[in-house]
Amino acid sequence: MSGMNRSGTLSPDLVVGDDGLARPVWAASDPLLREYYDAEWGMPVRDERGVFERLSLEAFQAGLSWVTILRKRPAFRAAFANFDPDAVAAFDDGDAVRLLNDPSIVRNRAKILATLGNARAAVALRRESDTGGLAGLVWSHRPSRTPEPHLAADIPTHSAESAALARDLKRRGFRFVGPTTCFSLMEAIGIIDTHLVGSHRRGSSGVWC
């Protein structure tokens, strides 16, 4: 049976679905989360737009459940020009007002303004040729090892690398990029693999084979 670890037992934090595949409890509770877990979460994202989108959504998620953000993602993409950094960097005060009045997204003024500012910071980062832009900078903080959690409680919420990434981004003008948000970003885009040992997705990114 998929999901067995080396000891031959199934982690209590994994659920075997009707397809015989083991997933963490959070990914087995909702069809949208299950699809996201199976197809997207933890897979490598190395392009600027993709990293900017996920950084933005992680910031909006702070204090909320991830499924709330995931359900609103199509609306976020429509509101923020598909998270094209150049387009968002050009948003003006009128756009900020439009976003604050858009009930289909999370109407948090600080997070909206941070997203606009982060787009400008991402565009400016391209001029730093040694960083490789936003994606290059984020991936430069990949650790030498990835966690190998057997239980949900084994998964850290931050790391030395996520703290260093947060400092690096803040130094370049990014906001809402604390160590916990950066750790979640690193999980989401495959820089680290925090799939539980025994999950059918463990090692699926190809980064940590």
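Among the residues of the stretch 161-173, none qualifies, meaning not one is out of contact with any helix residue (DSSP H, G or I) (no Cβ under 7 Å at 6 or more places or on another chain), surrounded by fewer than 18 Cβ atoms within 10 Å (Cβ to Cβ) and either at pLDDT below 95 or hydroxyl-bearing (S, T, Y) (or both). Look at the stretch 19-41: where a residue is in a helix (DSSP H, G or I) and a partner is aromatic (F, W, Y), sitting 6+ places away or on another chain with Cβ atoms under 6 Å, you get A27/Y37.
H195 fulfils the conditions (1) crowded, with 18+ Cβ neighbours inside 10 Å; (2) in contact with a Leu (Cβ under 9 Å, 6 or more places away or on another chain); (3) at negative phi; (4) not small (G, A, S) except for a single criterion, (2).
Can you find a residue in the stretch 179-188 that is in contact (Cβ under 8 Å) with a residue 40 or more places away in the chain, under 26 Å from R23 (Cβ atoms), touching a strand residue (DSSP E or B) at 6+ places or on another chain (Cβ under 8 Å) and not hydroxyl-bearing (S, T, Y)? Within the stretch 179-188, not a single residue is in contact (Cβ under 8 Å) with a residue 40 or more places away in the chain, under 26 Å from R23 (Cβ atoms), touching a strand residue (DSSP E or B) at 6+ places or on another chain (Cβ under 8 Å) and not hydroxyl-bearing (S, T, Y). Checked against the criterion of being surrounded by 15 or more Cβ atoms within 10 Å (Cβ to Cβ), under 16 Å from the mean Cα position of the chain (by Cα) and over 30 Å from A22 (Cβ atoms), the stretch 89-104 has no qualifying residue.
Residues checked against (1) modelled with pLDDT of 95 or more; (2) under 28 Å from S140 (Cα atoms); (3) hydroxyl-bearing (S, T, Y):
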residue	(1), (2), (3)
R6	no, no, no
L10	no, no, no
S29	no, no, yes
R46	yes, yes, no
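You will find that of T131, T194, T157, T146, the residue that is at pLDDT below 95 and part of a loop (DSSP other than H, G, I, E, B) is T131 and no other.
Any chance the stretch 60-75 includes a residue that's of a type outside the set (G, A, S) and in contact with a Lys or Arg (Cβ under 9 Å, 6 or more places away or on another chain)?
Yes, there is a match, as at least one residue in the stretch 60-75 is of a type outside the set (G, A, S) and in contact with a Lys or Arg (Cβ under 9 Å, 6 or more places away or on another chain).
Of all residues in the stretch 110-123, those that are more than 13 Å from F80 (Cα to Cα) have Cβ atoms under 6 Å from Cβ atoms of residues that are surrounded by fewer than 18 Cβ atoms within 10 Å (Cβ to Cβ) and of a type outside the set (A, V, I, L, M), 6 or more apart or on another chain, in A121/R172; A121/G173. Restricting the stretch 124-146 to residues that are surrounded by 18 or more Cβ atoms within 10 Å (Cβ to Cβ) and under 16 Å from D47 (Cα atoms), the residue that is farthest from the chain's Cα centre (by Cα) is L125.
Does the stretch 146-165 hold any residues that are of a type in the set (D, E) and either more than 18 Å from E58 (Cβ to Cβ) or without any contact (Cβ under 8 Å) to a residue 12 or more places away in the chain (or both), and which are they?
E148, D154, listed by residue number.
The values are calculated or read from the model by the stated rules, or taken from the named source; none is laboratory data. None of these values were measured; they are calculated from a predicted model. Cβ coordinates were reconstructed from backbone atoms using ideal geometry, including for glycine residues, and neighbour counts include every protein chain displayed.
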